[in-house]
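Beneath this line is the structure, given in structure tokens, with notes to follow.
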Amino acid sequence: MIYQTGDAYPTKKVLGAKTYFMKKQFAFLCTLLLVCSNLIQAQKSSNKPPNIIVIFSDDHTQQTISAYGKSLMQTPNIDRIAKEGMIAKNTFVTNSICAPSRAVLLTGKYNHINGLKDNGPRRFFDGNQQQVQKLLKQKEYQTAWIGKWHLQTLPSGFDFFRILPDQGQYFQPNFINMPNDTTSYKGYTTNLITEFSTSWLDKRDTSKPFFLVVGEKATHRNWMPDVEDLGAFDNIDFPYPANFNDTYNGREAARLQDMTVDKTMVLQDDLKINVNWDKVGPGMFARLDPTQKAAYKKYYTEISKQYDALKNDSAALLKFKFERYLKDYLATAKSLDRGIGKLLDYLAAHQLDENTVVIYASDQGFYMGEHGWFDKRFMYEESLRTPFVMRYPGHIKPGTQLQEMIVNIDFAPTILNIAGIQTPSDMQGKSFLPLVTKTTPAAKKSFAATWRKSMYYHYYEYPQPHHVAPHFGVRTTRYKLIRFYGPHNNLELFDLQKDPTEMNNLINDSSYASIITELKKELKDLMEHYQDFEALTTWKTTETTIQEMPK
């Protein structure tokens with residue numbers, strides 16, 4: 001404590017005036033030296049900003065990550081990041097689809113602003129715009145992106161990249177290297193991405209901090225496990241989710257989609273059933289080397305025999321398809337988690353773990369049979385939510401749980417905040433770092449009071465590949481209002497507290513009339529705040545009633 005004029009100084013009557021003032025001066029000098037020492041240490045620390053690694057997977061969902069509880073599998077290495085740092089319990093995406101989510105990660109902006117609304121073949125990401133890695137380079141960071149990129153234009157603003165073309169392949173994949181030459185590499189993609197990442201770390205300039213994005217292909221369709229993981233979950237009988245047999249009553253867009261396990265799954269490509277392994281075509285199975293193909297042939301020939309034995313029993317066949325989907329997906333995720341463990345072990349072995357922030361996230365969530373589906377796209381919870389865990393030694397207390405609502409537009413501002421860079425005014429997200437770092441409880445409470453209480457969503461891609469109608473909507477801590485447009489003009493309302501699986505559309509329930517009015521206003525306010533004026537026009541010109549859009 002520093003004593004100032006007027007402070008009471010503790011002393012004894014036996015002390016003379018000279019002794020009293022000498023002691024007071026000595027105490028002041030000690031305090032001053034301590035303050036100066038702390039300032040010097042802070043200055044030294046500020047000259048060494050932390051390294052940052054973002055591991056960004058594809059279609060990996062919270063239901064399959066054990067740190068989130070009630071998981072379909074164990075993910076010890078993702079859990080390790082959460083235990084040693086924080087886990088965000090309520091992380092949402094602005095548009096649940098691959099390329100647009102990557103564009104949001106880079107720009108901190110909604111897709112109507114960054115220009116990448118869907119995965120369309122003629123939708124190219126504008127690399128000239130401001131991006132997080134360019135801002136980090138101004139702070140002397142070395143920057144790299146390794147793995148899945150999927151933005152149809154080459155990365156810009158990175159010191160190094162090695163990326164998969166388009167979606168990439170699981171075995172013997174091609175990678176585009178700098179400067180735009182393509183090489184085929186032998187091995188399994190997840191393992192290669194880990195190897196390339198640690199190799200880049202080995203060769204970096206150790207006098208500078210680094211920013212590395214590890215873009216994982218897993219767990220994207222068609223879920224081809226590494227050979228060592230074939231059959232890893234065959235001894236588990238996975239029950240259907242409670243709403244697997246959803247009839248989509250009162251939800252027209254959900255009824256007319258094309259992404260069901262029952263009807264949309266492809267027997268050969270998705271489930272590897274009755275593949276002619278001796279005459280595989282030029283597709284994904286052709287990339288297996290002889291040893292890998294032998295292992296796949298042996299394993300999936302036995303699975304095909306199971307299929308042949310029950311294919312005429314519709315109920316048994318549906319259960320079989322559901323189980324095969326989950327088992328291949330989870331086996332693919334197993335190698336993903338293993339690769340993350342190798343990256344964490346590398347950091348520890350090279351004394352980098354104490355000054356390296358590690359973030360794990362996915363581009364969106366995914367359906368594990370909920371509503372009878374696989375894939376993503378809808379604003380329903382399983383695909384709207386995405387995992388996010390982060391380790392920041394010395395700044396985030398191990399085991400921290402963040403309950404506030406964060407959105408993927410917040411990822412870039414938070415990364416910049418970690419590096420000591422102020423969020424640019426044109427980024428639409430904001431840093432949530434003050435919510436999780438070791439600040440005072442009062443400071444956290446004050447910051448949390450001003451944090452968002454609702455989020456905005458807008459999905460565009462229609463009709464292919466899954467006939468999910470375009471829609472926008474608002475989600476609060478309890479309610480969700482979705483407005484479909486294009487082939488449908490429908491509104492859906494869900495009370496997430498009473499109906500967490502989103503089976504009961506309450507839009508025509510008069511007892512929720514005031515809630516609907518409030519949500520419509522909130523939706524309009526968010527559209528204006530995020531400058532989605534095209535959506536506002538769409539809403540206005542497709543009103544089904546004069547009262548639908550708030551004035």
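The values are calculated or read from the model by the stated rules, or taken from the named source; none is laboratory data. Just so it is clear, the structure is predicted and the values come from calculations on it, not from any experiment. Cβ: placed from backbone, ideal geometry, glycine included. Neighbour counts: every protein chain shown. Accessible surface areas use protein heavy atoms only, side chains included; no ligands, DNA or RNA. Shrake-Rupley method; radii C 1.70, N 1.55, O 1.52, S 1.80 Å.
Going by average Cβ density within 10 Å per residue, which order do the peptides 465-473, 485-493 take, highest to lowest? Walk me through the numbers before you get to the answer.
On the way: 465-473: 21.1, 485-493: 17.9.
With the highest mean Cβ count within 10 Å placed first, the list reads 465-473, 485-493.
Working out 0.36 nm times the residue gap between GLN130 and ASP237, then minus their Cα-Cα distance, what length gain in nm do you get to one decimal?
33.7 nm
For the chain, what relative contact order do you get, as a whole percent, if you take Cα pairs closer than 8 Å and at least 6 residues apart?
Relative contact order, the chain: 21 percent.
Using the Kirkwood radius built from alpha carbon pairs, what does the Stokes-Einstein equation give as D for the range 260-408 at 37 °C and 0.692 mPa s, in µm² per second?
Estimated diffusion coefficient is 175 µm²/s.
Leaving out ligands, DNA and RNA, what percent of the accessible area of the range 438-551 is carbon and sulfur, probe 1.4 Å?
The computed percentage sits at 55.
Would you mind giving the three semi-axes, in whole Å and largest first, of the ellipsoid equivalent to the range 138-179 according to its Cα gyration tensor?
22, 10, 8
At a 1.4 Å probe, what is the % contribution of carbon and sulfur to the accessible area of the range 119-175? Write out the running numbers ahead of the final one.
Details: 1040 of 2270 Å².
C and S fraction of accessible area: 46 percent.
If you take the Cα atoms of the range 249-308, find Rg, then find the Kirkwood Rh from the mean of 1/r over all pairs, what is Rg/Rh?
1.16
With the crude spin-label approximation of a point 7 Å out along Cα→Cβ, what separation in nm comes out for ALA513 versus ILE546?
Inter-label distance under the simple model: 1.7 nm.
For GLU302 and ARG255, calculate 0.36 nm times their separation in residues minus their Cα-Cα distance, and state this gained length in nm to one decimal.
Details: separation 47, 0.36 × 47 = 16.92 nm, distance 3.45 nm.
Between GLU302 and ARG255, full extension yields an extra 13.5 nm.
Note down the nm distance, to one decimal, between modelled labels 7 Å out along Cα→Cβ at THR206 and at LYS48.
1.3 nm
Go ahead and run the numbers for FRET between GLN403 and ASN180, Cβ-Cβ distance against an R0 of 51 Å, rounding to 0.05.
The pair GLN403/ASN180 has a calculated efficiency of 0.70.
In whole angstrom, and with the biggest value first, how far do the Cα coordinates of the chain range along each principal axis?
Largest to smallest, the principal-axis extents are 103, 63, 45 Å.
Over the range 187-341, consider all pairs of different Cα atoms and compute the Kirkwood hydrodynamic radius from their mean reciprocal separation; express it in Å, one decimal.
Its Kirkwood hydrodynamic radius stands at 18.0 Å.
Given bins 10 angstrom wide, list per bin the percent of all Cα-Cα distances in the range 410-551, short to long.
Bin by bin from 0 Å, the calculated values are 10, 33, 31, 20, 6, 0.
For the chain, find the longest principal axis of its Cα atoms and tell me its angle to the long axis of helix 290-310, 0 to 90°, nearest 10.
For 290-310 against the chain, the angle is about 60 degrees.
Going through the range 114-214, which trypsin sites (Lys or Arg not before Pro) have at most 13 other Cβ atoms within 10 Å and a DSSP loop state?
ARG122, LYS186
What is the ratio of the Cα radius of gyration of the range 323-467 to 2.2 N^0.38 Å, with N the residue count, to two decimals?
Working: Rg = 18.0 Å, N = 145, 2.2 N^0.38 = 14.6 Å.
This ratio for the range 323-467 stands at 1.24.
With axes computed from alpha carbons, what is the tilt in degrees of helix 189-203 against the longest principal axis of the chain, rounded to the nearest 10 within 0 to 90?
Helix 189-203 sits roughly 30 degrees off the main axis of the chain.
What residues from the range 229-265 fall in the zone where the backbone N is under 16 Å from a label point 7 Å along the Cα-to-C-beta line of LYS70?
Under 16 Å, as judged by backbone N against the label point of LYS70, lie 239-245 of the range 229-265.
Hey, what's the chain come to in accessible area per residue, 1.4 Å probe, Å²?
With the other protein chains kept in place, the chain gives 44 Å² per residue.
Would you calculate, for the chain, the mean residue ellipticity at 222 nm contributed by helices, counting each DSSP H stretch of 4 or more residues as -39,500 (n - 2.57) and dividing by all residues, to the nearest 500? Each step should come with its number before you reach the end.
Numbers: 15 runs with 186 residues, N = 551.
That comes out to -10500 deg cm²/dmol.
Give me the percent of accessible area attributable to carbon and sulfur for the range 272-382, probe 1.4 angstrom.
53 percent
What whole-number distance in Å separates the alpha-carbon centres of the range 307-330 and the range 374-404?
Computed from Cα coordinates, the inter-centre distance equals 31 Å.
Calculate how many DSSP beta bridges within the chain are antiparallel, expressed in % of all such bridges and rounded to the nearest 5.
55 percent
Between THR450 and GLU528, what is the label-to-label distance in nm when each label sits 7 Å out along the Cα-to-Cβ direction?
Between THR450 and GLU528, the simple spin-label model gives 2.2 nm.
Taking the mean number of other Cβ atoms within 10 Å as a proxy for protection, how do you rank 334-345, 315-326, 407-418, 240-251 from highest to lowest?
Working: 334-345: 21.2, 315-326: 18.2, 407-418: 23.9, 240-251: 15.4.
So the order, starting with the most tightly packed, is 407-418, 334-345, 315-326, 240-251.
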